[in-house]
Amino acid sequence: MTPLPPDSRRNVQRGVIEMAPYQQRVVDEKAELDSRTESLEKFFDTQTFQDLDSGEQSLLHQQHRAMKLYSHILGDRIRAFNL
């Protein structure tokens with residue numbers, strides 16, 4: 001079994017995993033990023049988005065790809081916590 005980081009603890013008796021503060025910040029950051037990504041995806045389906053010039057649309061699509069990549073990286077970090 002892989003040891004937990006020194007500042008994280010596992011409370012097995014109650015089935016609760018206590019994360020180190022930095023780990024919780026990563027989890028929270030990913031949740032917020034995923035919510036913002038979902039909002040951007042919904043925006044793509046609006047008339048407001050369709051009314052933007054193609055350059056702005058392209059930039060928003062690039063932003064979306066970067067957000068998805070960043071979320072994937074945060075997910076990899078969370079999985080590496082081995083909680």
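The values are calculated or read from the model by the stated rules, or taken from the named source; none is laboratory data. Because the structure is predicted, anything quoted here is derived from the model rather than measured. As a convention, Cβ positions derive from the backbone with ideal geometry for all residues, glycine included, and neighbour counts pool all protein chains shown.
Pairs linking a residue in the stretch 55-73 that is farther than 13 Å from S39 by Cα to a residue that is modelled with pLDDT of 95 or more and of a type in the set (D, E, K, R), with Cβ atoms under 8 Å and 6 or more positions apart or on different chains, are S71/K30; S71/D34. Taking the stated definitions as given, is M67 within 17 Å of the chain's Cα centre (by Cα) and at pLDDT 95 or above? Yes.
Based on what the data block shows, is T2 exposed (fewer than 11 other Cβ atoms within 10 Å of the Cβ) and modelled with pLDDT under 95? The answer is yes for T2. In this structure, is Q57 of a type outside the set (G, A, S), exposed (fewer than 10 other Cβ atoms within 10 Å of the Cβ) and at pLDDT 95 or above? For Q57, the condition - of a type outside the set (G, A, S), exposed (fewer than 10 other Cβ atoms within 10 Å of the Cβ) and at pLDDT 95 or above - is not met. Taking the criterion of being exposed (fewer than 13 other Cβ atoms within 10 Å of the Cβ) and of a type in the set (S, T, N, Q), the residues of the stretch 31-54 that qualify are S35, S39, T46, Q47, T48, Q50, S54.
If you check F81 against the conditions, is it touching a helix residue (DSSP H, G or I) at 6+ places or on another chain (Cβ under 6 Å) and modelled with pLDDT under 95? Yes: the conditions hold for F81.
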